Structure formats: C-alpha cells, structure tokens
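The values are calculated or read from the model by the stated rules, or taken from the named source; none is laboratory data. Quick caveat, the model's predicted, so the values are computed rather than measured. Here the Cβ positions follow ideal geometry from the backbone for every residue, glycine too, while neighbour counts run over all protein chains shown. The protein model used for the area step is the full one, side chains on, heavy atoms only, and it has no ligands, DNA or RNA in it. Shrake-Rupley method; radii C 1.70, N 1.55, O 1.52, S 1.80 Å.
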Amino acid sequence: DLEGLSSLLPLLIEQQEQRRLELFHQRFAMDQHAIVSITDTRGIIHYVNHKFCNISEYSHDELVGKSHNIIKSGEHNSDFFNTLWSTISQGKVWRGEICNKSRSGKLYWVDSTIVPFLDDAGKPYQYISIRTDITERKRMAEKIIASEQQYRNWIESVRDVIFQLDEQGIISFLNPAWEDITHFKIQETLGRNFLDFVHHDDLDNAVAIFKKLCDYDITSYKGELRFYDKRGLFRWIE
C-alpha cells in the first residue's frame, strides 16, 4: 500500500545514495592509477580523466565529443581495429597494447582494457577504456632487441669461431666462421660433443682443460688444439 511504500522510500533513497558514493569512490580510485575514457557505441568520447588529458596533451573540452581517431598514431593496420571493434561490439572484453599519438606528435604506448557496458538485452551501450602507460617499457624492449641484433651481426661477421658448450661439452651455438674453417655445416655440428672434432692426440689435454673450466679451477683458457675438418684433415686452432 501507499503507506508501506512511503516508509520504504527513505531506505531506497539511502541505498541509492550509498551506491552512488561507492561508484564515485571506485572511479576516483581508478582515476588515480589509470588512463580512463568512456565512449558510446560509435566511439565518441563522453568522459576522459585527468591522466588521459596529460598523456594525450589535449584538454578535456578538446577530447569530449570526438572519437579516439584524434589520438590515432597510424602504427596499427585496419585489421587490428576491426578485431578490437568486433570483440567489444559482441559484449566481450578486449585487451591489448595500443600506440597513440599526442597533440605534439609524440608516440606513446598503453596497455589497454576495453570493457563493454551492456543493457538489459545484453547489447553494449557504452565502453570504458582503462589504460596504463607502458611507453618506457616498450622503448627499453626496442633497445634490447636492437642491441641483441647488433651483437648477433658482429658475432656472425667475425672470422674467428665463436662457440658455446653446455656442461657436458655439447655444442649449442656456432657462428658461420666454423663452416669456413672446418667445412662442417653448423646444423650438422650442433648437438654433438666438441671432443668429436678434437685430434686423438689432443683428447686427453682437451678433456683435462674442459674439466678444470667446469670445476672453476680456472676461469679461462688460451692454447692450441688440433681439430679435424670434414675432409679428415686437421687444423690447428688457437
């Protein structure tokens, strides 16, 4: 009855206010940590937080009402964004790394999670994007890759044989100079014991040296050993 409903009204209002406060505090906490935006199903921005403005170098007014194309970097192809939109338009969460471009033209990377908000029919009516700045991590990864490539180029171009053994003496790495000196192909050598290639008169010495290295009795060795080549001849190797 009306009297019963009127008695419940203050409680309902209190509960609604409590939920509103909880949502406010949750959004406040999220805004302190992450780059946040909310868009409609067309991709038009309805909300951006302070961190979004800082990293994009656009003001709140310059972003709201625009699409995310305003920060599009051109680093991703159409298939990338087609997959993104296909995922979220089906009401599924999308996660990935996106390269954006700030107002000044500076590229920056974000680890992004896009969550669809669904209506009663299970259809998305807006999307919330939560991002973390990973630009420095990406830059460091690129530097490491470039450094490793530079090192590998040097390894493969030197005329000295560079090799790597495990603790059993099994060859796990060789550079191309091995083929020039021994005529054995790298692929037919990898996985074999280096003693297979040592001259029989030098075997005892090679075994003794290798044992000392494995036992840390010595930290390095420089000397001369004879190695067989593929023709059955031997080569002196320093």
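Structure notes:
- Solvent-accessible heavy-atom area per residue, rounded to whole Å², over the chain at 1.4 Å: 68
- Between Phe80 and Asn193, the C-beta separation translates, for a Förster distance of 41 Å, into a calculated FRET efficiency of about 0.30.
- Cβ-Cβ distance of Ser157 and Asp229, R₀ of 25 Å, FRET efficiency by 1/(1 + (r/R0)^6): the value works out to about 0.70.
- The accessible surface of the chain, taken with every protein chain in place and a 1.4 Å probe, is 53 percent carbon and sulfur.
- Toward the positive end of the charge dipole of the stretch 101-141, with +1 on the Cβ of Lys and Arg and -1 on the Cβ of Asp and Glu, the farthest Cα among Val110, Ile130, Ala141 is that of Ala141.
- Area of Phe163 that stays accessible when all protein chains are in place (1.4 Å probe, Å², to 10): 120
- Annotation for Asn205 and Ala121: the two label points, set 7 Å from Cα along the Cα-Cβ direction, are 8.7 nm apart.
- Along each principal axis, taking the top coordinate minus the bottom one, the Cα set of the stretch 79-165 gives 70, 36, 21 Å in descending order.
- Rg(Cα)/(2.2 N^0.38 Å) for the chain, N = residue count: 1.83
- Most positive-pole-ward Cα, Phe197, Ile38, Ile171, against dipole of the chain from beta carbon charges: Ile38
- Where labels lie 7 Å past Cα in the beta-carbon direction, separation of Ala146 and Asp40 in nm: 4.4
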